[in-house]
1. For the range 59-107, what number results from the quotient of the Cα radius of gyration and 2.2 N^0.38 Å?
2. Arrange Leu138, Leu121 by Cβ neighbour counts within 10 Å, fewest through most, would you?
3. When you count, for each residue, the other Cβ atoms within 10 Å and take the mean per peptide, how do 53-61, 177-185 rank with the highest first?
4. Taking θ = phi - 60°, what integer Hz values does the Karplus form 6.51 cos²θ - 1.76 cosθ + 1.60 yield along the range 100-107, in sequence order, with x for Gly and Pro?
5. Per residue of the range 183-189, in order, report the coupling 6.51 cos²θ - 1.76 cosθ + 1.60 (Karplus, θ = phi - 60°) as ³J(HN,Hα) in whole Hz, putting x for Gly and Pro.
6. About the Cα centre, and with charges only on the beta carbon of Lys, Arg (+1) and Asp, Glu (-1), how big is the dipole of the chain? Nearest 20 debye, please.
7. Which one, Glu188, Glu116, Glu143, has the greatest fluctuation when you compute a Gaussian network model over the chain with C-alpha springs under 10 angstrom?
8. Listing Cys166, Cys25 from the residue with the fewest other Cβ atoms within 10 Å to the one with the most, what is the order?
Amino acid sequence: MAQVTPEEAIAHPTWSMGPKISVDCATLMNKGLELIEAHHLFGMDADRLDVLVHPQSLVHAFVVWRDGSVLMHAGAPDMRTPIAVALGWPRRVDSPARRLDLTSLAGLSFEQPDLERFPALKLARQALRAGRGAPTILNAANEVAVAAFLDHAIGFLAIAGTVGDCLAAMGERRAPASLEEAVALDEETRRLAQGFVRAAVAAQ
């Protein structure tokens, strides 16, 4: 993992989402951010949210009913589908995304993420549970660290390292009460993260 290059990290096997999001997929930070989003969008406690790794990228959601049955949402791994949902809501509109070949559903697999191998997800969980300003700090530090990785300034494992250092250094911050406070906390974190990146580069 320490030797992963930016070119390898962005070569997602099933999705085409651009360099930054592809790196977030490689670190599983994207799943951590989605946990935080789900907490706010659906008002669910952190303990009711979980992540499953699904390498085929065909199943995008489950709804578990009170009787134990599960409703599965599946579709081709194509960002044009959720974009079409957003543009057409509450109706469904035509999309150029390829249609799902149902025979591809024969080999679905799901597994628990390895939090030791993917510490970014562990950090996101910690930020979700800490609440207050921690998710803002997490996101800002991650954006700086991913940009530095894509510029070949730091290694792959230093992404999560930088995020963890920022969360520890910033301590407990209250949740931003306004957009201006959110921007200020974001900017403060970015300056700190850039300092950690410079220190890492100097130490190489």
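1. Working: Rg = 12.9 Å, N = 49, 2.2 N^0.38 = 9.7 Å.
Computed over Cα atoms of the range 59-107, the ratio equals 1.33.
2. Numbers: Leu138 27, Leu121 23.
By the 10 Å Cβ count, ascending: Leu121, Leu138.
3. Working: 53-61: 14.0, 177-185: 12.0.
Going by the mean number of other Cβ atoms within 10 Å, highest first, we get 53-61, 177-185.
4. 6, 7, 4, 5, 6, 7, 5, x
5. Rounded to whole hertz, the list is 5, 5, 5, 4, 5, 4, 5.
6. On the way: 19 positive and 24 negative charges, 56 e Å.
Around 260 debye, computed over the chain.
7. Greatest mean-square fluctuation among the candidates belongs to Glu116.
8. Values: Cys166 24, Cys25 19.
By the 10 Å Cβ count, ascending, the order reads Cys25, Cys166.
Where a number appears in this text, it was derived from the coordinates with a stated rule and is not lab data. Quantities reported herein were computed from a predicted structural model and do not represent experimental measurements. FYI the Cβ positions are ideal-geometry reconstructions off the backbone, even for glycines, and counts take in every protein chain you see.
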